[in-house]
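Scroll down for the structure; my scribbles are underneath it.
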Amino acid sequence: MEMQRLDKIIASTGRWSRREVKDLIRHRLVTVNGIPAASPEEKADPETAEILVKGECITYRRYTWIMLNKPAGYLSATEDGKGLTVLDLLPQELRRQELFPVGRLDKDTEGLLFLTNEGGLAHDLLSPKRHVDKVYYARVEGCLVQADRDAFAAGITLPDGLQCQKAKLEILSAGETSEAHVTLREGKFHQVKRMLAFLGKPVTYLERVEMGGLPLDLSLSRGEYRFLTPEEVEHLRKQVSR
């Protein structure tokens, strides 16, 4: 891999700022392949060099990808002056990595949300042209029927003129209240809620359960997160290159 400045490599972990890295090097607390680092400008291969900070080997990630089980009450944004955002669920070292949510979930919508600092892949995952499926579990008032499924399959035009692409409605249960999986390849504002409300079946609960073929990790409680594995990130890359 291309050689990079030592301060950039260490700061990429999110645990220290570049200013803090400079102080660590000055106090001889950083070694590269067993030799104390001479300066922040010193260069190393982040994938092959053994870099220790205070005796601890650091793990370099060119990009960070996180799976979050979003709880209700948090905004899918990087900052907001009036309420909590999904970044408030992360530790400080991750917040330093300039992560942002891949798409948005409404404040009261729960479930799968990816966060990353890789703009290109994030953009492609959200592009309707890439045909990346997003699957939601919805609970609604009213009885879902075949006509609703057909309306989704044909594509719905909402009263304000918004044309929704063809989508899939899989009815899981039907009665006074119904449950369904909704699969979209786009993500317009409040889209699932607006489509079902248009059919007279207002949503009472919504959760994203899958995106790009990766399901929500059920071992994650609400508000918990984990890093995506290299295999999962590669899977997402393949989703947008089909």
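Taking the listed residues Leu89, Leu24, Leu6, Leu84, the one that is surrounded by 16 or more Cβ atoms within 10 Å (Cβ to Cβ) and within 19 Å of Arg222 (Cα to Cα) is Leu89, with no other qualifying.
For region 197-221, filtering for residues that are farther than 30 Å from Arg242 by Cα and surrounded by 15 or more Cβ atoms within 10 Å (Cβ to Cβ) leaves 5. The number of residues in region 126-156 being touching a helix residue (DSSP H, G or I) at 6+ places or on another chain (Cβ under 9 Å), polar (S, T, N, Q) and modelled with pLDDT of 95 or more comes to 0. Give me the residue from region 102-126 that is farther than 16 Å from Glu232 by Cβ and free of Cβ contacts under 8 Å to residues at least 40 places away in the same chain and, out of that set, surrounded by the fewest Cβ atoms within 10 Å (Cβ to Cβ). Across region 102-126, the extreme among qualifying residues is Gly120. For region 215-232, residues that are under 11 Å from the mean Cα position of the chain (by Cα) and farther than 16 Å from Ser76 by Cβ total 3.
Taking the condition acidic (Asp, Glu), in contact with a strand residue (DSSP E or B) (Cβ under 8 Å, 6 or more places away or on another chain) and closer than 30 Å to Leu206 by Cα, does Asp88 pass? Write out each step before concluding.
Values: acidic (Asp, Glu): yes; in contact with a strand residue (DSSP E or B) (Cβ under 8 Å, 6 or more places away or on another chain): no; closer than 30 Å to Leu206 by Cα: yes.
When the stated conditions are applied, Asp88 does not pass them.
For region 4-44, a residue qualifies if it is among the acidic types (Asp, Glu) and either within 19 Å of Arg96 (Cβ to Cβ) or at pLDDT 95 or above (or both), and the qualifying residues are Asp7, Glu20, Asp23. Residue pairs whose Cβ atoms lie under 8 Å apart, sitting 6 or more positions apart in sequence or on different chains, and linking a residue in region 67-88 that is on the phi > 0 side of the Ramachandran plot to a partner that is basic (Lys, Arg), are Gly73/Lys107. A residue that is within 33 Å of the chain's Cα centre (by Cα) and farther than 21 Å from Arg95 by Cβ occurs nowhere in region 22-29. Here the condition is being within 16 Å of Glu110 (Cβ to Cβ) and either of a type in the set (Val, Ile, Thr) or outside any strand (DSSP E or B) (or both); of Val233, Val182, it holds for Val182 alone. Restricting Leu94, Leu99 to residues that are under 20 Å from Leu125 (Cα atoms) and of a type outside the set (Lys, Arg) narrows the list to Leu99. Between Gly155, Gly142, Gly212, the distinction of being on the phi > 0 side of the Ramachandran plot, out of contact with any Asp or Glu (no Cβ under 9 Å at 6 or more places or on another chain) and touching a residue at least 12 places away in the same chain (Cβ under 8 Å) belongs to Gly155 only.
Matching residues to (1) touching a Lys or Arg at 6+ places or on another chain (Cβ under 6 Å); (2) within 29 Å of Leu90 (Cα to Cα); (3) in a helix (DSSP H, G or I):
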{"residue": "Leu125", "(1), (2), (3)": "no, yes, yes"}
{"residue": "Ala138", "(1), (2), (3)": "no, yes, no"}
{"residue": "Asp148", "(1), (2), (3)": "no, no, yes"}
{"residue": "Ala151", "(1), (2), (3)": "no, no, yes"}
{"residue": "Val192", "(1), (2), (3)": "no, yes, yes"}
{"residue": "Gly200", "(1), (2), (3)": "no, no, no"}
{"residue": "Glu207", "(1), (2), (3)": "no, yes, no"}
{"residue": "Arg226", "(1), (2), (3)": "no, yes, no"}
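Being at negative phi, in contact with a Gly (Cβ under 9 Å, 6 or more places away or on another chain), charged (D, E, K, R) and surrounded by 12 or more Cβ atoms within 10 Å (Cβ to Cβ) is a property that holds for Lys134.
The values are calculated or read from the model by the stated rules, or taken from the named source; none is laboratory data. This is a predicted model, so every value here is computed, not measured. In this analysis, Cβ positions are derived from the backbone assuming ideal geometry, glycine residues included, and neighbour counts consider all displayed protein chains.
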